[in-house]
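The block underneath contains the structure these notes are about, expressed in structure tokens.
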Amino acid sequence: MIFLKNKWILIFLILLVAFVLRLYKLDEIPPGVNRDEASIGYTAYSILKTGKDEYGKAYPLSFQSFGDWKLPLYIYLTIPFIQLFGLTEFAVRLPSVIAGAMTVLVVYFLLKELFKETKNYSFGIGHSTFSIPLVASLLLAISPWHIHFSRVASEANLATLIFSIAVLLLLKSRLKPKLYIVSFTLFALTYYTYHGNHIFTTLFILGLLVYKWKQLIKERYAVIGLGIFVILSTIILRQTLLSSDTTKFSGIGIFGDPTVVHTSIELPRLEHLNDNSAGVTRLLHNRIIFAIEKISQNYLQAFSPDFLFLRGGTNHAHNIPNFGNMYLVEAPFLLLGLVYLLSKYNNSNSRLLLWWLFISPVAASITKDAPHSARTFMITPVLTIIVAFGIYYFFLLAKKFQKNHVSHNIILLSIMFFYSINFTIYLDRYYVHFPVIDAEYWGVGYKDLAAFLSDNQHKDSQVIMEEPQQSPYIFLLFYLRYDPALYQMQARRYPPTSDAFLHVVSFGRFEFRTIDWSVDPGISNTILITRPDQFPNITEIQSKRSNISYRNRILFTLYNN
């Protein structure tokens with residue numbers, strides 16, 4: 001087919017596939033917003049309506065949110081979409097959809113630039129020719145990891161786009177030095193987008209300076225760009241290092257779980273009590289040794305088959321059940337591609353890709369819940385690039401043993417066949433089963449609950465809801481489109497937790513606390529809301545219960561007197 005020989009038509013088709021996979025049923029899958037999406041959306045809505053966040057702070061650079069201090073760029077980019085489409089799942093997720101699809105396009109141009117001096121990075125089979133940039137873009141377009149994060153309001157996804165463009169412009173700066181200014185400005189903007197980039201981008205820039213210092217220091221625009229990078233980075237880091245990063249890391253760091261010190265350090269020390277070796281005991285069992293061991297394990301797990309190809313991470317907001325971040329068929333090509341790039345280590349651009357690869361898991365490695373799909377997400381473009389090189393290298397090896405086109409076509413059809421099987425299974429798991437199996441971990445139950453509470457019969461009822469630590473308030477604010485100005489005046493909060501997180505006590509007619517089932521059912525005109533497994537086994541209470549369910553899965557149990 002002649003039109004398939006036109007690279008621009010192929011790029012358009014790949015981009016179309018990327019958009020379709022990311023836009024299809026965007027307001028239904030995932031089933032409702034997760035907690036961070038609800039916070040991002042309502043904060044953007046609050047800024048749009050009042051110019052202030054939920055705490056009444058005008059146009060901040062760092063948003064306190066639940067006490068985890070969200071960065072500003074995704075929130076501010078969401079405002080025009082909410083203006084156009086209202087406070088909906090579609091509006092909050094659309095910036096991520098666009099960012100994800102645009103990353104697919106950027107990867108094509110990035111690879112063209114990385115290896116533009118080498119003309120043979122394409123392989124022919126029969127009468128068709130496939131270039132590595134096209135293959136890499138297609139693989140990213142259909143990547144399970146990338147599709148999912150492009151369908152949620154993901155700051156990591158937006159940061160990946162910005163970073164990829166920054167690298168592309170950095171490479172182009174060799175011929176157009178003024179682009180250094182834009183490139184380093186974009187690198188700085190990743191600090192305003194996702195917390196993980198405070199580590200990843202810093203490491204990347206340090207590596208860049210080590211390899212390119214003599215070249216950069218001689219170029220006036222590069223020096224200006226670095227100056228802008230330092231200024232912009234300092235502005236946001238002054239906010240985050242003094243508040244958000246400190247709070248966030250205290251909760252998610254490897255010592256964030258208070259039982260870690262006891263189980264991993266203190267208990268092992270007790271086992272040495274009878275051997276009179278207190279000095280050796282402290283030398284072997286201390287925070288430094290534990291940190292080195294744990295961080296090393298976490299880092300290696302990011303490259304494990306279980307995380308990449310079998311089950312992914314454990315966070316339900318970042319992974320679908322029992323499906324890896326990559327397709328199983330890509331495993332041998334990832335290994336081949338890595339071998340190929342390592343063999344080309346003398347090439348500076350190969351070193352750049354390898355540095356990008358090896359620093360990507362660092363941010364997740366220092367946290368307690370590694371491997372983590374969001375904090376490692378920056379690795380997704382380079383993984384698909386390596387897989388594309390692996391496919392290319394596989395055909396190079398095959399050429400040494402088979403000279404005829406028939407054998408090459410069989411190889412190509414086999415690869416396409418196994419990709420098709422993997423892709424079809426993923427489509428079924430993601431678009432059919434995932435919204436049902438994982439409904440309880442998303443906001444669809446709160447969406448139905450908000451509709452129930454907005455009904456004329458219940459709109460004046462007082463509401464008591466359990467589990468304030470799960471931040472149910474933000475889902476109700478989002479789905480009720482609650483007046484931000486009113487909320488800013490009404491909100492009452494619990495004292496900060498030990499790791500500085502904040503939970504809401506009440507606003508308006510809503511109260512969030514443990515339900516006293518011996519007293520609260522007697523309060524008139526009150527709706528009590530809890531999880532199904534928390535509802536007491538008392539006949540007179542059960543007789544007045546009702547359920548919020550989604551596709552036959554009970555998500556909330558309500559008592560309405």
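The values are calculated or read from the model by the stated rules, or taken from the named source; none is laboratory data. What you see is a predicted model, and the numbers here were worked out from it, not measured in a lab. Counting neighbours? That spans all protein chains shown, and the Cβs are built from the backbone with ideal geometry, glycine included.
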Q. Which one of the conditions (1) surrounded by fewer than 20 Cβ atoms within 10 Å (Cβ to Cβ); (2) without any contact (Cβ under 8 Å) to a residue 60 or more places away in the chain does residue 90 fail to meet, given that it meets all the rest?
A. (2)
Q. Can you tell me which residue in the range 542-561 is nearest to the chain's Cα centre (by Cα), limited to those that are in a loop (DSSP other than H, G, I, E, B) and not charged (D, E, K, R)?
A. 552
Q: Would you mind finding the one in 377, 389 that is touching a Phe, Trp or Tyr at 6+ places or on another chain (Cβ under 8 Å), at pLDDT 95 or above and closer than 23 Å to residue 160 by Cα?
A: 377
Q | Identity of the residue in the range 130-144, farther than 16 Å from residue 420 by Cβ and of a type in the set (S, T, N, Q), that ends up surrounded by the most Cβ atoms within 10 Å (Cβ to Cβ) | A | 137
Q: Scan the range 145-181 for residues that are buried (at least 21 other Cβ atoms within 10 Å of the Cβ), part of a loop (DSSP other than H, G, I, E, B) and hydrophobic (A, V, I, L, M, F, W, C) and report the count.
A: 2
Q.
I'd like to know if the range 39-53 contains one or more residues that are of a type in the set (A, V, I, L, M, F, W, C), in a strand (DSSP E or B) and without any contact (Cβ under 8 Å) to a residue 40 or more places away in the chain.
A. no
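One line per residue, one yes/no per condition, for (1) within 25 Å of residue 67 (Cα to Cα); (2) in a loop (DSSP other than H, G, I, E, B):
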| residue | (1), (2) |
| --- | --- |
| 435 | no, no |
| 445 | yes, no |
| 450 | yes, no |
| 497 | yes, yes |
Q: Go through (1) out of contact with any strand residue (DSSP E or B) (no Cβ under 8 Å at 6 or more places or on another chain); (2) buried (at least 20 other Cβ atoms within 10 Å of the Cβ) one by one and return the number of the condition residue 464 breaks.
A: (1)
Q: Give the range 503-541 a look and list any residue that's crowded, with 17+ Cβ neighbours inside 10 Å, of a type in the set (Val, Ile, Thr) and in a strand (DSSP E or B), or say none.
A: 504, 526, 527, 529, 530
Q) Inside the range 186-207, can you point out the residues that are in contact (Cβ under 8 Å) with a residue 40 or more places away in the chain and farther than 23 Å from residue 373 by Cα? A) 207
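Residue-wise test of (1) in a helix (DSSP H, G or I); (2) touching a strand residue (DSSP E or B) at 6+ places or on another chain (Cβ under 9 Å).
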| position | (1), (2) |
| --- | --- |
| 315 | no, no |
| 353 | yes, no |
| 371 | no, no |
| 375 | no, yes |
Q. Is it the case that residue 437 is surrounded by 14 or more Cβ atoms within 10 Å (Cβ to Cβ) and of a type in the set (A, V, I, L, M)?
A. yes
Q | the range 392-428, subset farther than 30 Å from residue 362 by Cα and in contact with a strand residue (DSSP E or B) (Cβ under 8 Å, 6 or more places away or on another chain), residue modelled with the lowest pLDDT | A | 405
Q.
I need the full set of residues from the range 332-367 which are in contact with a His (Cβ under 8 Å, 6 or more places away or on another chain) and modelled with pLDDT under 90, in order please.
A. none
Q. Can you spot a residue in the range 78-85 that is in contact with a helix residue (DSSP H, G or I) (Cβ under 7 Å, 6 or more places away or on another chain), closer than 28 Å to residue 476 by Cβ and touching a residue at least 60 places away in the same chain (Cβ under 8 Å)?
A. yes
Q. If you go through the range 314-364 one residue at a time, how many are buried (at least 22 other Cβ atoms within 10 Å of the Cβ), more than 15 Å from residue 136 (Cβ to Cβ) and charged (D, E, K, R)?
A. 0
Q. What is the number of the single condition among (1) surrounded by 14 or more Cβ atoms within 10 Å (Cβ to Cβ); (2) over 20 Å from residue 534 (Cβ atoms); (3) modelled with pLDDT under 95 that residue 477 does not meet?
A. (3)
Q | Tally, over the range 452-467, of residues that are out of contact with any helix residue (DSSP H, G or I) (no Cβ under 9 Å at 6 or more places or on another chain) and assigned to a helix (DSSP H, G or I) | A | 1
